[in-house]
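The structure under discussion is supplied below as structure tokens; questions concerning it will follow.
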């Protein structure tokens, strides 16, 4: 059995939210309320919940893009909250993110080759020629071409832009990839293509995914394990088959009941989103 590559213990993250009729008051909101999750090496852990459940905050805190109030995040046994500066930047090479919005996450002023190769440049990986070859190889692997290096993001469709985002994340050969709602902005037919690509790349590159989503219909086709969040808390966690067949918490049951044409049991290739 594979070991845990990313572990979060007792994470707490609070925000001060304006309140009162004139907005002069302040209310303390717990975005993460003592959250603990673990990602097994080579598998996909889905973090599921409605908007405001805390799942995207969890993703950003795991990658140290936002500071925690308390708790620890262990990557390969090292506490990321205690690593600073250059050491943290070096560690981040192994922890990459694919963002939700393929339109907003790509710099419109940069060519695709620059976008995908930027991480290689920042981390000083290889010579200029080697970097270019790695960019070309990764673009081809995600279904694009060498000629696409010279184009700008606006010249691509939403699905193609998300392929660029995936190439940008994977060109660094990370160990863990956090996918924050990576298909929610795409048409259903394109969702299936991107999910299939992610699964193929996971097998080829021995990747571990943390897959953030509000859509249990999508999650069913890519996840090995699921964590269900509601109002900053983990309300249920388990293997994907167990969660779908025997959900224990009422919140999970309601999420599953909201899936159009939901079936229980094992994955079914005839479902609306198939991989």
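Quick note: the coordinates plus some simple rules give every number you see, no bench work behind them. Remember, it's a predicted structure, so these values are computed and weren't measured experimentally. In this analysis, Cβ positions are derived from the backbone assuming ideal geometry, glycine residues included, and neighbour counts consider all displayed protein chains.
What relative contact order, as a whole-number percentage, does region 72-202 give when Cα pairs under 8 Å and 6 or more residues apart are counted?
Relative CO of region 72-202 lands at 35 percent.
For region 1-155, what is the relative contact order in percent, using Cα pairs closer than 8 Å and at least 6 residues apart in sequence?
About 20 percent, as a whole number.
Once Rh for region 117-239 is found with the Kirkwood sum over Cα pairs, what is the Stokes-Einstein diffusion coefficient at 20 °C and 1.002 mPa s, in µm²/s?
Approximately 135 µm²/s, per Stokes-Einstein.
What is the gain in length, in nm to one decimal, between residue 88 and residue 26 on full extension, counting 0.36 nm per residue of separation less the C-alpha to C-alpha distance?
Extending this stretch completely gives an extra 19.0 nm.
Relative contact order, percent, of the chain when contacts are C-alpha pairs under 8 Å separated by at least 6 residues?
Relative contact order, the chain: 24 percent.
How far apart, in nm, are the 7 Å Cα→Cβ label points at residue 140 and residue 152?
The two pseudo-label positions are separated by 2.8 nm.
Now for a different question. Could you work out [θ]222 nm for the chain from helices alone, using -39500 (n - 2.57) per DSSP H run of at least four and dividing by all its residues? Round to the nearest 500 deg cm²/dmol.
Helices in the chain give a 222 nm mean residue ellipticity of -9500 deg cm²/dmol.
Here's another thing I want to ask about it. Please find, in a Gaussian network model of the chain (springs between Cα atoms separated by less than 10 Å), the residue of 86, 239, 137 whose mean-square fluctuation is greatest.
Result for the chain, Cα springs under 10 Å: 86 fluctuates most.
Same structure, new question: Could you list 36, 128 so that the one with the fewest beta carbons within 10 Å of its beta carbon is first and the one with the most is last?
128, 36
Please list 211-223, 51-63 highest first by mean number of surrounding beta-carbon atoms within 10 Å per residue.
211-223, 51-63
Stretch residue 110-residue 199 to full length: gain in nm at 0.36 nm per residue minus the Cα-Cα span?
Using 0.36 nm per residue and subtracting the Cα-Cα distance, I get 29.2 nm.
On to the next question. For volume of the Cα convex hull per residue in Å³, one of (1) 124; (2) 134; (3) 156 was computed from the structure I shared and the rest are decoys. Which label?
(3)
Here is a further query. Under a point spin-label approximation (7 Å from Cα along Cα-to-Cβ), what is the residue 173-residue 129 distance to one decimal in nm?
Label-label distance for residue 173 and residue 129, simple model: 1.9 nm.
Would you give the gap between the C-alpha center of region 38-87 and the C-alpha center of region 162-223, rounded to a whole Å?
A separation of 17 Å, based on Cα centres.
Could you line up 251, 244 from fewest to most neighbouring Cβ atoms inside 10 Å?
Exposure proxy ranking, most exposed first: 251, 244.
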